[in-house]
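Structure first, commentary second.
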Ligand code: UDP
């Protein structure tokens, strides 16, 4: 299949972006990436291009730079935008809220204005399960109350609000809001994966760095939650399943019209200790751990009701936790220092 027009992927050189580029190329799309390279890497793009079997056009820039976006839309006939660019660390967002609102909220606004000026009205937006408040019931469906507990989540919710207002006022927009649960995993080739700068905030990259010997032990944040083993439970989702979710959203949008909002998750919850055990089995390494106090702002348990994504996009997650761990380990072992 060859579609007309470029699919613009902001943040396409990042972890989720690079996997999404592979999935887009495999689906026959022409892919154009706009990325500041603050968290992305051109090496990831080169590898994504080889894996997807196609060229990826690349423009370096920041979504806050309206002139750069206007120049890009003038140069390339873009048919749809996947907006993944943004900052995403919860703890950092608490320390630097203005930075989060500037990059995530102003950046998205600048992109929407540039799209409108260029007559491009089809958008897939990376949102997050963080927009939900502490869950009243599980699994979490899309009707659950919204009430993020940190600036990162609030910045995502503000963009969602912009998109809801926009679609209500201007019905020719086609927008999919994808609420990601916990993306982990790596491309099964071992060529693409998560490459966090500095100390990883998230569980899976931390566990894999302990397994490969870069860090001595994992601190498990809390073992007194009301969960089966006392540790936090999350819905971990393979990044390739997540990438496929973007392609499915892009395909569904023309027929769906207006605004659609879906959870992307597996519908299954795993505890921190489940993840450690699965990673030990996949890697053959021991992951030393110690129990530490709860991390402020963490909730006990969170997993998705992903049935709406199946209904509207025909998408469901295929990979289980063992596959996620196997693929992370293949990536980590083959690239112990990431892309560097
Ligand atoms: N976690 C942990 N140690 C770490 C990082 C995370 O015990 O070094 C726990 C965290 O408390 C949560 C789960 O692992 O229960 C997933 O955390 P992560 O930061 O990956 O994702 P979140 O769901 O918080 O966005």
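The values are calculated or read from the model by the stated rules, or taken from the named source; none is laboratory data. Not measured: the values here are computed from a predicted model. Note that we place each Cβ from the backbone using ideal geometry, even for glycine, and neighbour counts take in every protein chain shown.
Tally the residues that are in contact (Cβ under 8 Å) with a residue 60 or more places away in the chain and more than 23 Å from residue 262 (Cα to Cα), restricting the search to the range 93-136.
2
Could you check the range 271-304 and list, in sequence order, the residues that are assigned to a loop (DSSP other than H, G, I, E, B) and closer than 26 Å to residue 91 by Cα?
287, 288, 293, 294, 295, 296, 297, 298, 299, 300, 303
Could you grab me the full set of residues in the range 87-113 that are within 16 Å of the ligand (Cβ to nearest atom), assigned to a helix (DSSP H, G or I) and at pLDDT 95 or above?
100, 104
Which of the residues that make up the range 159-172 are in a helix (DSSP H, G or I) and surrounded by fewer than 20 Cβ atoms within 10 Å (Cβ to Cβ)?
161, 162, 164, 165, 166, 168, 169
Among the numbered criteria (1) more than 13 Å from residue 139 (Cβ to Cβ); (2) in a loop (DSSP other than H, G, I, E, B); (3) within 16 Å of the ligand (Cβ to nearest atom); (4) modelled with pLDDT of 95 or more, which one does residue 268 miss?
The single condition residue 268 does not satisfy is (1).
So how many residues does the range 116-144 have that are at pLDDT 95 or above, more than 16 Å from the ligand (Cβ to nearest atom) and surrounded by fewer than 23 Cβ atoms within 10 Å (Cβ to Cβ)?
10
I'm trying to understand the selection: among the residues of the range 234-253, which are surrounded by fewer than 22 Cβ atoms within 10 Å (Cβ to Cβ) and outside any helix (DSSP H, G or I)?
None - no residue of the range 234-253 is surrounded by fewer than 22 Cβ atoms within 10 Å (Cβ to Cβ) and outside any helix (DSSP H, G or I), so the list stays empty.
For the range 322-336, name all the residues that are buried (at least 17 other Cβ atoms within 10 Å of the Cβ) and out of contact with any strand residue (DSSP E or B) (no Cβ under 8 Å at 6 or more places or on another chain).
Just the residues of the range 322-336 that are buried (at least 17 other Cβ atoms within 10 Å of the Cβ), to begin with: 323-332, 335.
Result: 325, 326, 329, 330, 331, 332, 335.
Run down 200, 216, 228, 183 and say which single residue is in a loop (DSSP other than H, G, I, E, B), within 14 Å of the ligand (Cβ to nearest atom) and touching a helix residue (DSSP H, G or I) at 6+ places or on another chain (Cβ under 6 Å).
Among 200, 216, 228, 183, only 200 is in a loop (DSSP other than H, G, I, E, B), within 14 Å of the ligand (Cβ to nearest atom) and touching a helix residue (DSSP H, G or I) at 6+ places or on another chain (Cβ under 6 Å).
Is it the case, given these coordinates, that residue 212 is buried (at least 18 other Cβ atoms within 10 Å of the Cβ) and either over 19 Å from the mean Cα position of the chain (by Cα) or under 26 Å from residue 267 (Cβ atoms) (or both)?
Considered against the rule, which asks whether it is buried (at least 18 other Cβ atoms within 10 Å of the Cβ) and either over 19 Å from the mean Cα position of the chain (by Cα) or under 26 Å from residue 267 (Cβ atoms) (or both), residue 212 comes out as no.
Of all residues in the range 296-321, count the ones that are crowded, with 17+ Cβ neighbours inside 10 Å, more than 16 Å from the ligand (Cβ to nearest atom) and closer than 13 Å to residue 184 by Cα.
2
Looking for whichever is over 14 Å from residue 184 (Cβ atoms) and modelled with pLDDT under 95 here; the options are 245, 258. Which one fits?
One residue alone meets the criteria, 258.
Can you tell me which of 257, 297 is on the phi > 0 side of the Ramachandran plot and out of contact with any helix residue (DSSP H, G or I) (no Cβ under 7 Å at 6 or more places or on another chain)?
Residue meeting the stated conditions: 257.
Which condition from (1) buried (at least 21 other Cβ atoms within 10 Å of the Cβ); (2) within 16 Å of the ligand (Cβ to nearest atom); (3) in contact (Cβ under 8 Å) with a residue 60 or more places away in the chain is the one that residue 288 breaks?
Result: residue 288 passes all but (1).
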